[in-house]
Amino acid sequence: MERKQGFFSALKEEVVRGLSPGRSRSRSRSRSTPKPGRSASPNSGLLRQRKSHHVSQPEPVISRSGSLRPVELSPLREGPDPNESSREGVIDSKVERWGHWMKGQLCRAPSVSTSSSSSASACQRSDLRLLLGVLGAPLSPVHVSTTDPLPHLSIKNTPIETSSAQYILQQYTAASGGQKLQNSVHNAYTMGKVRMLAFDIETATKVIKSRNSSKAAETGGFVLWQMNPDMWYVELALGGSKVHAGCNGKLVWRHTPWLGAHAAKGPVRPLRRALQGLDPRTTANMFTNARCIGEKKINGEDCFILKLCADPHTLKARSEGPAEIIRHVLFGYFSQKTGLLVHLEDSHLTRIQSNGGDAVYWETTINSFLDDHRSVEGIMIAHSGRSVVTLFRFGETAMSHTKTRMEEEWTIEEVAFNVPGLSVDCFIPPGEL
C-alpha cells in the first residue's frame, strides 16, 4: 500500500507540473531540448537509452507491478537519418502513409551485405525500420468501443459457433477479474521492455540467416497510456529511434522518424499491443462477433479458438492508393483450464498495384504467446510474451518471392489503473494533422 501511494504521489506531482504524454509530442520533433516552461513527458524519460557502464544516483522509486529505477539518460535522436535519405530517396513526411511506405520500403528484395562497415550499418538501419514499421504500433482488425456492453448469452435462434464464443468470452471476463471491476477502470498506464530481432530472410534462391542473435537484437522499451472512451497513446523506443502513435477517440495517428506524422485510414481501432494481455475488457469486446471454430493445444494446453474477420466495408475504408487490404483475420486461443487468452494470431493480406506493373502481395502474420498472468488490483495482466512475425511477399514472378521473419519478446514492469491527473489533453494528435 505504501508503494502504491508513493507511485500515485510521484505521478501526480509530475502530471501537475505538466509532464504528460501530450506535452512531450509537441516538442519532440523540433528540438531535443525543451524550451523553458515545457517539460518532457514521464514516458519520454523512461524510454531513453541507458548510457553504457553508467548509472546515475538513485531517485525515488516509482513502482507498481515491477521495479524500475529512473536514471539520467541522453535524449533519443529524432528525425530521418541523412545517410538513409540519400540511399532511399527523400520521403514527404506529411503525405506518405502506410501503404506508400510498404510500396517504397518493402516491395524490394532485401539487401544484406557485410563487405564493409558502412553497408552493414545501412543494413542494420533497414532492419530497424522494418522492425519498427511492423511491430511498433500495429492496430487490431476492427473498431470496438470500451463502452459497448458484452452481449448476453443467447442459445435460441443463435448458431452454435456464435453462442459458444459468447460463453467463452463470459468465462474469459470472469477469469480476468470480472466485468464490474473492469468497468471501474477509467484509465491505465503500462510500461515494459522489448527485444526485437529480424533473424532470417528467405528468397527464391537462398536463405540469409541473421547475424549472431545476441548482437543483432535491438532492445528498448515502451509506455502505453489508455483512457475511456477509446483513447490511447504509445511510445516505443528501439535502437536509437522512436515510434509513437495515439488515438483521441476520433483519429488514429502514428509518427516515425522516416515518415513523420500521418493519420491511419479507416475506422478508429484499438492498439494490438493492448490485446496482448494488457486490456481484458477491450479484448473481450474485440471478439464479441467472433465464432468458435474448434480447439487446439498451445504449449500443451487445450484451448478454444475464436475467429474474427474484418468486414468488407472496414477493409475498403483502410485501403489507400496502390495498397488494397484484401483480408484481416484475428484468432484468439483461450485456455480451457484458466479461461485466459494465451495466444493471439493476426494475419492480413495486402495487394499493391504499381502503375503499369504486376500486382505484388504482402501477407503479414503475427503470432503472439502470452505468459506470466498476474493479478494487478484484481485484474489479470500478462506480464511477458513473445511474438513471431512472418512477412511473405509474392506475386510478380514465380521466383521473386521473399519471406522475412522477425521476433519480439517483451516484459511488463509497471501497471497502474485510474492514474490521477490523466486528461484528454494527453491524447491530442500532432498539430500538422
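Distance between the 7 Å Cα→Cβ label points at S145 and K316: 2.3 nm.
Based on the Cβ-Cβ distance from N228 to I298, what FRET efficiency comes out when R0 is 35 Å, to the nearest 0.05? Kindly include the intermediate steps, with their values, before the conclusion.
Working: r = 31 Å, r/R0 = 0.89.
Taking R0 as 35 Å, the efficiency between N228 and I298 is 0.65.
All other residues whose Cβ lies under 11 angstrom from that of D230 are scored, Lys and Arg at +1 and Asp and Glu at -1, for a net of +1.
Post the alpha-carbon centroid distance, the range 222-262 to the range 402-429, in whole angstrom. Centre-to-centre distance over Cα atoms comes out at 8 Å.
Could you order Y361, Y167, Y233 by accessible surface area, starting with the largest, using a probe radius of 1.4 Å?
The ordering from most to least exposed comes out as Y167, Y361, Y233.
A crude spin-label estimate for the pair K156 and L433, with each label 7 Å from Cα along the Cβ direction, gives 4.6 nm. The GluC sites (Glu not before Pro) of the range 142-241 include none that meets both criteria, a DSSP state outside H, G, I, E and B (loop) and at most 14 other C-beta atoms within 10 angstrom of the site's C-beta. Taking label positions 7 Å along the Cα-Cβ direction at both S423 and I326, the computed distance is 4.9 nm, reported to one decimal.
Taking each residue as 0.36 nm, the span from H186 to T205 lengthens on full extension beyond its C-alpha to C-alpha distance by 1.5 nm. Between Y167 and K403, what FRET efficiency follows from the Cβ-Cβ distance if R0 is 35 Å, with the result rounded to 0.05? E between Y167 and K403, to the nearest 0.05, is 0.40. Quick check: net charge around G294, other residues with Cβ under 12 Å of its Cβ, Lys/Arg +1 and Asp/Glu -1? In short, +1.
The values are calculated or read from the model by the stated rules, or taken from the named source; none is laboratory data. Everything quoted here is computed from the prediction, not taken from an experiment. So basically every Cβ, Gly included, is an ideal-geometry build from the backbone, and we count neighbours across all protein chains shown. These area figures cover heavy atoms from the full protein model, side chains too; ligands, DNA and RNA do not enter into them. Shrake-Rupley method; radii C 1.70, N 1.55, O 1.52, S 1.80 Å.
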